[in-house]
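The values are calculated or read from the model by the stated rules, or taken from the named source; none is laboratory data. Just so it is clear, the model here is predicted, and its values are computed rather than measured. Every residue, glycine as well, gets a Cβ built from its backbone with ideal geometry; the counts of neighbours run over all protein chains shown. Just so you know, the surface numbers come from the protein's heavy atoms only, side chains and all, with ligands and any DNA or RNA stripped out. Shrake-Rupley method; radii C 1.70, N 1.55, O 1.52, S 1.80 Å.
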Amino acid sequence: MDCIFCKIINNEIPSYTIYEDEIVKVFLDVNPNCNGHTLIIPKKHYLDLDDIDQATLNHIMKIAKKIKKVLEEKLNCDGITLIQNNGCIQEVKHYHLHLKPHYNNSQKLENVQDVYKKIKGASLN
Ligand code: 5GP
Ligand code: ZN
């Protein structure tokens with residue numbers, strides 16, 4: 001299957017990975033519109049919200065809570081939006097949850113590598 005996110009999981013495409021376990025991989029979006037734009041994806045290929053199973057979704061949400069804390073602590077963001085696109089609005093056809101930080105003060109968009117340096121190695125409590 002020609003899926004870009006499956007290739008990221010298999011390390012065929014590099015990614016700025018923040019966290020991974022047997023079920024999920026968490027990495028920075030390559031084309032962010034805010035500093036710290038993060039994606040959580042299941043390691044197994046699911047298309048969308050209809051396709052994914054409940055246990056995997058629960059795990060993704062558990063990890064999302066922890067990643068939210070990491071982004072708040074490491075990037076000092078003031079708010080975070082969670083988004084998950086389906087159907088015509090979904091560009092990559094492998095389920096993924098976006099975490100998008102917001103900042104009270106306008107921020108210069110930093111390059112992804114510099115943002116990654118601030119987050120990498122963070123422990124998920
Ligand atoms: P969607 O519109 O499907 O919800 O969002 C797909 C997201 O995946 C976009 O924000 C896009 O920037 C991101 N993306 C697409 N290709 C890659 C890639 O190769 N690496 C990373 N890290 N993100 C990607
Ligand atoms: Zn896939």
Round to the nearest 10 and report in Å² the accessible area of TYR116, as given by a 1.4 Å probe over the protein chains' heavy atoms.
50 Å²
Please turn the phi angles of region 86-95 into ³J(HN,Hα) values with the Karplus equation 6.51 cos²θ - 1.76 cosθ + 1.60 (θ = phi - 60°), one per residue in order, whole Hz, x for glycine and proline.
9, x, 4, 8, 8, 7, 9, 8, 9, 2
Taking only protein heavy atoms and a 1.4 Å probe, what accessible area per residue, in Å², does the chain have with all protein chains in place?
58 Å²
Quick one: putting +1 on the C-beta of Lys and Arg, -1 on the C-beta of Asp and Glu, what dipole do you get for the chain around its Cα centre, in Debye to the nearest 20?
440 debye
If I compute solvent accessible area with a 1.4 Å probe over the protein chains, what percent of it on the chain is carbon and sulfur?
49 percent
Furthest towards positive pole of dipole, ILE63, ALA122, ILE18, structure part the chain, Cβ charges:
ALA122
How much accessible area does VAL30 have with a 1.4 Å probe, in Å² rounded to the nearest 10?
130 Å²
Label-point separation in nm, ASN10 to TYR103, each point 7 Å along Cα→Cβ
3.7 nm
A chain fully extended from LEU82 to LYS66 at 0.36 nm per residue, minus the present Cα-Cα distance, gains in nm 4.5 nm
Region 99-108 - phi-based ³J(HN,Hα) in whole Hz, Karplus 6.51/-1.76/1.60, Gly and Pro as x
10, 10, x, 10, 10, 4, 9, 4, 10, 6
Where in the chain lies the longest segment free of GluC sites (Glu not before Pro) that are both loop residues by DSSP (not H, G, I, E, B) and have at most 10 other Cβ atoms within 10 Å?
23-90
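Expressed as a whole percent, how much of the Cα-Cα distance distribution for region 4-119 exceeds 17 Å?
53 percent
Classify region 71-125: rounded, prolate or oblate, from the alpha-carbon gyration tensor (a ≥ b ≥ c, eigenvalue square roots; a/c under 1.5 rounded; otherwise prolate if a/b is larger than b/c)?
Judged from the Cα gyration tensor, region 71-125 comes out prolate (a/c at least 1.5, a/b above b/c).
At 222 nm, what value in deg cm²/dmol follows for the chain if DSSP H runs of at least 4 each add -39500 (n - 2.57) and the sum is divided by all its residues, to the nearest 500?
Calculated mean residue ellipticity at 222 nm is -9000 deg cm²/dmol.
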Going residue by residue through region 13-23, the Karplus relation 6.51 cos²θ - 1.76 cosθ + 1.60 with θ = phi - 60° gives ³J(HN,Hα) values, rounded to whole Hz and with x marking Gly or Pro, of 10, x, 8, 8, 8, 8, 7, 8, 9, 5, 9
How do ILE41, ILE23 stack up against each other in accessible area, from largest to smallest, with a 1.4 angstrom probe?
ILE23, ILE41
Report, in degrees rounded to the nearest 10, the 0 to 90 angle that the Cα long axis of helix 54-75 makes with the longest principal axis of the chain.
20 degrees
